[in-house]
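Beneath this line is the structure, given in structure tokens, with notes to follow.
The values are calculated or read from the model by the stated rules, or taken from the named source; none is laboratory data. This is a predicted model, so every value here is computed, not measured. Please note: Cβ atoms are built from the backbone with ideal geometry, for glycine as well, and neighbour counts cover all protein chains shown.
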Amino acid sequence: MAGKDERSGENAGAYDADRFGGTPVFPPGTSEQHRRRLLQAMAGGSTVAVAGCLGLFDDEEEEAFFELSNLSPSTVEANAGEEIEVSVRVTNTGEEEGSQNLEFRFDGETETSRHMTLVGGEEDGASFTMTAPEELGEYEFGFYTEDDEATGTLTVAEEPEPALFAVALDVEAEVAYTGEMEVMGTVENTGEEAETQTVVLSVDGEEVDSLEVELDAGETAELAGMVDTDAPGGSHDALIESESDTDEMTVRVGAPDYTAIDHMVPHWVMKDLAKSLDMQFAYSEDEIWMRFQWDWDVPNGWFHDLLVYDEDSDEWSRYSGPNPGIADPDYGLGDIFEGFTEDRLAVMIDDGSVEGFEQFGGWLTIHEGTRTLPAAAPADEVEAHPHHGDFLENDDVRKYIPQSRGGEWWENDWDDVKDLSELEEMLENGEFIDMPMVRCHRGLPAGYATVHTILDHRHGALDPEVWGPVEAASTRVRSSIGLDDDGRPQYMFDPDLVENGALQLDEIYDGQITTDDIHAAIHRDPDRDEGAWPPDVEQTVVEFDPDVAEFDGAAVPRRHLFPDEVEGPGGLWKCRGGWVDGTWTIEMFKERETDFITEKDIEEGEIYTISPGVHGGGAQRWHWVCYPLKLAIGEDTEVPDEWESYDDLVDPGTAVMYAEEFDGDEPDWNDIQTYTTAMMYPGMTDWTWLVSGEHPREGEIRNAEINIWEHHDENPEDFAVRMVDLEQRMAPRR
């Protein structure tokens, strides 16, 4: 630009104030054109030139001067390829007519030129449409005459993203069953321009919520609604959609949140609601032996909590849920499982010290508050409890006997635990239930059953430093060894024993690996005594090598067995057995007399109440149980006259089974009588419900005037069906 009005505070010419002194003063009436020309002449430094300008002050007409103004726009932001119209005003501020070229230049290059003729004082407009270049950046543009210029700046920026209403569902892939669920969704304008769109949230094709909403860039909105759900195992298709995006997922209805409900609920059941159990019992001068057989066609119940490698994700993960093939596919959750939970055999044993066990067996040990059942005690409440949390350091409630609680013998509040001194006295008096358990992965391959003492809690071991009467600490056979810091197992199978150092997941599913094959992670002490139990069982694992055992579907145990480290009561019950052609055979035995207060001695001539139970690839209540049974040690044991021989079974509640005496190291089971009893799914029923006002015979139960055999004299499978019916009807528990 040649110059600007002095009123703007700037001079158009490069006037040398030092040379000419101060600010130039013009005579009154000097035109703008004359001022400019004089300043230009003075800037040249020539006295002659300045003198030649003196004629400017004569009365002759001023020459034409094409001044530019009102450039619009002067500052522009545009996207590549966008067209922008630029305009300017051209004014002849002189008195004479003149002609000049008006040029439009862009980035230093002349784009167009227009010849203009204007009389003195005349003005005109001009415009030009420029196109923003493809390359991002800043560019100068403007109009130019011989006398003046008007310039501006064009900034080429990235084109703003159009409005995009991105939607997302806010719901878990699996929700706990309550009968209804809340479905939520969000919408966010992830574009750079504002827009109005309609957003719809629906479940199974039915609209739950909708919005017609205007959102600026970055703004969000929420949608939500409640819908009824199917029973556990069902599913619902949730969908949220805007005009530019959708999100959908299938929401599975899972197990109930037991801590939030107080009624029986449908979940899942074993595919067989009832099952027969064959039992044999024998004893010698020193030992008691038990043998159990039952049919079960799931061919992988000797696996538990495996670490499995997936090649696609390059990760090892735990497979620890119930086994596939164990659940009724048409009930509750159905047969959706793919993990591994071992089969187990447990035997509750009482010598008459626990009131009510003779009549009701294992039902006596399950109560409101027990983990995984309706109204299970919340973990934070258990942890805050002075006995369960502070003393036992537990966060859940497990089996216990009512005698360990305050009040009447049948009262059973989980948090009303007797003082430690009272519990220790009960322990010394034998007022507890002994429960050895054969775990078919975490014990059987190493020859040991797990011991449990059911008193105030189902204890696996009682610490002698805490419990005064306890003489010795108990070390169990199993231990968990998870992934290392690199996310890999720490051990694999010895490649000399198992090809490639790991089992194949598909072969486990298909039942190709039997109990006779190496399938457990066993550690042996090389310096163990000769003949140490179990015989003929060697170490099966070595340190993990990913170059050997990391392949798709590779599976190794997370639970490891250390038979040479078992001490104290943990080593009392030994076991052996296996699964062949769909039938489990388990033998378990121990010394009849021990020095451990947590273990009941088995004396010849005495009668015990036992209640076996079997888990078939599931945990907690998903198993089969037996009614309480009478076991006499020795065929000459005196029994009440009104009791019957098991062979003449009319009322099994008072029928007696006999453990037969044998000589030698072990019994010949071909010579021992077999007793058969029914096992059934026990449902969600518990002792709290049995002694509550919801049960029709709670008075007789509280007074121990009736036993479960008398109350449930139907076929055991019919009993199990009735328990399932209670769940389906979500019967009250109190």
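If we scan segment 477-499, do we find a residue that is at negative phi, among the small types (Gly, Ala, Ser) and in contact with a Ser or Thr (Cβ under 7 Å, 6 or more places away or on another chain)? Full working, then the answer.
Looking only at segment 477-499, we keep the residues that are at negative phi, and these are 477-486, 488-499.
Adding the requirement that they be among the small types (Gly, Ala, Ser) leaves 479-480, 482.
Subsequent filtering for residues that are in contact with a Ser or Thr (Cβ under 7 Å, 6 or more places away or on another chain) retains none.
Checked against the condition, which is being at negative phi, among the small types (Gly, Ala, Ser) and in contact with a Ser or Thr (Cβ under 7 Å, 6 or more places away or on another chain), segment 477-499 yields no hits at all.
It is to be established whether one or more residues within segment 82-97 are touching a residue at least 12 places away in the same chain (Cβ under 8 Å), polar (S, T, N, Q) and loosely packed, with under 13 Cβ neighbours inside 10 Å. Break it down into steps so the answer makes sense when it comes.
Here is the first cut: in segment 82-97, the ones touching a residue at least 12 places away in the same chain (Cβ under 8 Å) are 82-97.
Restricting the remaining residues to those that are polar (S, T, N, Q) gives 87, 91-93.
The next check asks that each one be loosely packed, with under 13 Cβ neighbours inside 10 Å; those that pass are none.
The answer is no; no qualifying residue exists.
Quick check on Glu140: is it at pLDDT below 95 and either assigned to a loop (DSSP other than H, G, I, E, B) or outside the structural domain of Glu192 (by TED's automatic domain parsing) (or both)? Show your work before the answer.
Details: at pLDDT below 95: no; either assigned to a loop (DSSP other than H, G, I, E, B) or outside the structural domain of Glu192 (by TED's automatic domain parsing) (or both): yes.
No; evaluated as a whole, the condition is false for this residue.
Could you tell me which residue of segment 295-323 is surrounded by the most Cβ atoms within 10 Å (Cβ to Cβ), considering only residues that are among the hydrophobic types (A, V, I, L, M, F, W, C) and in a loop (DSSP other than H, G, I, E, B)? Before the answer, list the steps.
Taking segment 295-323 and keeping what is among the hydrophobic types (A, V, I, L, M, F, W, C), we get 296, 298, 302-303, 306-308, 316.
Okay, now just the ones that are also in a loop (DSSP other than H, G, I, E, B), so 296, 298, 302-303.
Numbers: Trp296: 20, Val298: 17, Trp302: 23, Phe303: 25.
Going through the qualifying residues, I end up with Phe303.
State the number of residues belonging to segment 324-382 that are of a type in the set (Phe, Trp, Tyr), crowded, with 20+ Cβ neighbours inside 10 Å and within 30 Å of Pro557 (Cα to Cα). Before you say what the answer is, go through the steps one by one.
Going through segment 324-382, the residues of a type in the set (Phe, Trp, Tyr) turn out to be 331, 337, 340, 357, 360, 363.
Now drop any that are not crowded, with 20+ Cβ neighbours inside 10 Å, which leaves 331, 340, 357, 360, 363.
When the remaining residues are screened for being within 30 Å of Pro557 (Cα to Cα), the result is 340.
Going through segment 324-382 one residue at a time, the tally reaches 1.
Name the pairs whose Cβ atoms lie under 9 Å apart, with the first residue in segment 439-456 and at positive phi, the second assigned to a loop (DSSP other than H, G, I, E, B) and not charged (D, E, K, R), and 6 or more positions between them or separate chains?
Filtered contacts from segment 439-456: Gly447/Val477; Gly447/Trp533; Gly447/Pro534; Gly447/Pro535; Gly447/Val537.
Taking only pairs six or more apart or across chains, which ones have beta-carbon atoms under 6 Å, a first residue in segment 288-310 that is on the phi > 0 side of the Ramachandran plot, and a second residue that is outside any strand (DSSP E or B) and of a type in the set (Gly, Ala, Ser)?
Correct list of pairs: Asp305/Ser320.
Could you check how many residues of segment 161-175 are closer than 14 Å to His236 by Cβ and surrounded by fewer than 18 Cβ atoms within 10 Å (Cβ to Cβ)?
Keep residues of segment 161-175 that are closer than 14 Å to His236 by Cβ, which gives 169, 171-175.
Among the residues that remain, those that are also surrounded by fewer than 18 Cβ atoms within 10 Å (Cβ to Cβ) are: 172-174.
Matching residues across segment 161-175 total 3.
Quick test of your reading of the structure: Val477 fulfils all but one of (1) within 32 Å of the chain's Cα centre (by Cα); (2) over 24 Å from Thr450 (Cα atoms). Name the failing condition by number.
(2)
Residue check: is Val639 β-branched (Val, Ile, Thr) and either in contact with a Phe, Trp or Tyr (Cβ under 6 Å, 6 or more places away or on another chain) or surrounded by 15 or more Cβ atoms within 10 Å (Cβ to Cβ) (or both)?
Details: β-branched (Val, Ile, Thr): yes; either in contact with a Phe, Trp or Tyr (Cβ under 6 Å, 6 or more places away or on another chain) or surrounded by 15 or more Cβ atoms within 10 Å (Cβ to Cβ) (or both): yes.
The answer is yes for Val639.
Yes/no per residue for (1) surrounded by 18 or more Cβ atoms within 10 Å (Cβ to Cβ); (2) on the phi < 0 side of the Ramachandran plot; (3) in contact with a Pro (Cβ under 8 Å, 6 or more places away or on another chain):
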position	(1), (2), (3)
Ala555	yes, yes, no
Arg559	yes, yes, no
Pro563	yes, yes, yes
Glu567	no, yes, no
Met588	yes, yes, yes
Glu591	no, yes, no
Thr598	yes, yes, yes
Glu603	no, yes, no
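Is there a residue being closer than 17 Å to Phe493 by Cβ and of a type in the set (Phe, Trp, Tyr) anywhere in segment 528-540? Walk me through how you get there before you give the answer.
First, pick out the residues of segment 528-540 that are closer than 17 Å to Phe493 by Cβ: 537-540.
With of a type in the set (Phe, Trp, Tyr) added as a condition, the list becomes none.
No, segment 528-540 contains no residue that is closer than 17 Å to Phe493 by Cβ and of a type in the set (Phe, Trp, Tyr).
Tally time: how many residues in segment 143-160 are part of a strand (DSSP E or B) and over 14 Å from Leu71 (Cα atoms)? Reasoning before the result, please.
Of the residues in segment 143-160, the ones part of a strand (DSSP E or B) are 143-144, 149-157.
Filter once more, keeping what is over 14 Å from Leu71 (Cα atoms): 155-157.
Summing the residues that are part of a strand (DSSP E or B) and over 14 Å from Leu71 (Cα atoms) in segment 143-160 gives 3.
It is to be established whether one or more residues within segment 466-477 are out of contact with any Cys (no Cβ under 9 Å at 6 or more places or on another chain), of a type in the set (Lys, Arg) and either at pLDDT 95 or above or part of a helix (DSSP H, G or I) (or both). Before you say what the answer is, go through the steps one by one.
We begin by selecting, within segment 466-477, every residue out of contact with any Cys (no Cβ under 9 Å at 6 or more places or on another chain); these are 466-477.
Those left that are additionally of a type in the set (Lys, Arg): 476.
Imposing the further condition that a residue be either at pLDDT 95 or above or part of a helix (DSSP H, G or I) (or both) reduces the set to none.
No, segment 466-477 has no match at all.
Out of segment 168-213, which residues are of a type outside the set (Phe, Trp, Tyr) and in a loop (DSSP other than H, G, I, E, B)?
The first filter runs over segment 168-213 and keeps only residues of a type outside the set (Phe, Trp, Tyr), leaving 168-176, 178-213.
Result: Val171, Glu172, Ala173, Thr178, Gly179, Thr190, Gly191, Glu192, Glu193, Ala194, Asp204, Gly205.
Tally the residues that are in contact (Cβ under 8 Å) with a residue 40 or more places away in the chain, assigned to a loop (DSSP other than H, G, I, E, B) and out of contact with any helix residue (DSSP H, G or I) (no Cβ under 9 Å at 6 or more places or on another chain), restricting the search to segment 594-611.
Keep residues of segment 594-611 that are in contact (Cβ under 8 Å) with a residue 40 or more places away in the chain, which gives 595-600, 602, 604, 606-611.
Subsequent filtering for residues that are assigned to a loop (DSSP other than H, G, I, E, B) retains 595-600, 602, 604, 606.
With the extra rule that they be out of contact with any helix residue (DSSP H, G or I) (no Cβ under 9 Å at 6 or more places or on another chain), the set shrinks to 595, 600, 602, 604, 606.
Summing the residues that are in contact (Cβ under 8 Å) with a residue 40 or more places away in the chain, assigned to a loop (DSSP other than H, G, I, E, B) and out of contact with any helix residue (DSSP H, G or I) (no Cβ under 9 Å at 6 or more places or on another chain) in segment 594-611 gives 5.
Would you mention how many residues in segment 535-556 are out of contact with any Phe, Trp or Tyr (no Cβ under 8 Å at 6 or more places or on another chain) and not polar (S, T, N, Q)?
The initial filter retains those residues of segment 535-556 that are out of contact with any Phe, Trp or Tyr (no Cβ under 8 Å at 6 or more places or on another chain), namely 535-539, 545-548.
Still in the list and also not polar (S, T, N, Q): 535-538, 545-548.
Residues that pass the stated criteria total 8.
Looking only at strands (runs of 3 or more DSSP E) that fall completely inside segment 479-584, which ones have 2 or more residues that are of a type in the set (A, V, I, L, M, F, W, C), farther than 30 Å from Lys275 by Cα and touching a residue at least 40 places away in the same chain (Cβ under 8 Å)? Write out each step before concluding.
Working: elements: 491-493, 541-543, 554-557, 559-561, 574-580.
The strands (runs of 3 or more DSSP E) meeting that bar are 491-493, 541-543, 554-557.
Here's the yes/no breakdown for (1) part of a helix (DSSP H, G or I); (2) surrounded by 18 or more Cβ atoms within 10 Å (Cβ to Cβ):
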{"residue": "Thr677", "(1), (2)": "no, yes"}
{"residue": "Gly683", "(1), (2)": "no, yes"}
{"residue": "Thr688", "(1), (2)": "yes, yes"}
{"residue": "Ser692", "(1), (2)": "no, no"}
{"residue": "Pro696", "(1), (2)": "no, no"}
{"residue": "Gly699", "(1), (2)": "yes, no"}
{"residue": "Ile706", "(1), (2)": "no, no"}
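Each row is one residue, and each column tells you yes or no for (1) under 32 Å from the mean Cα position of the chain (by Cα); (2) surrounded by 23 or more Cβ atoms within 10 Å (Cβ to Cβ); (3) among the charged types (D, E, K, R).
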residue	(1), (2), (3)
Arg439	yes, yes, yes
Asp456	yes, yes, yes
Leu483	yes, no, no
Pro489	yes, yes, no
Pro495	no, no, no
Ala502	yes, yes, no
Gln512	yes, no, no
Thr515	no, no, no
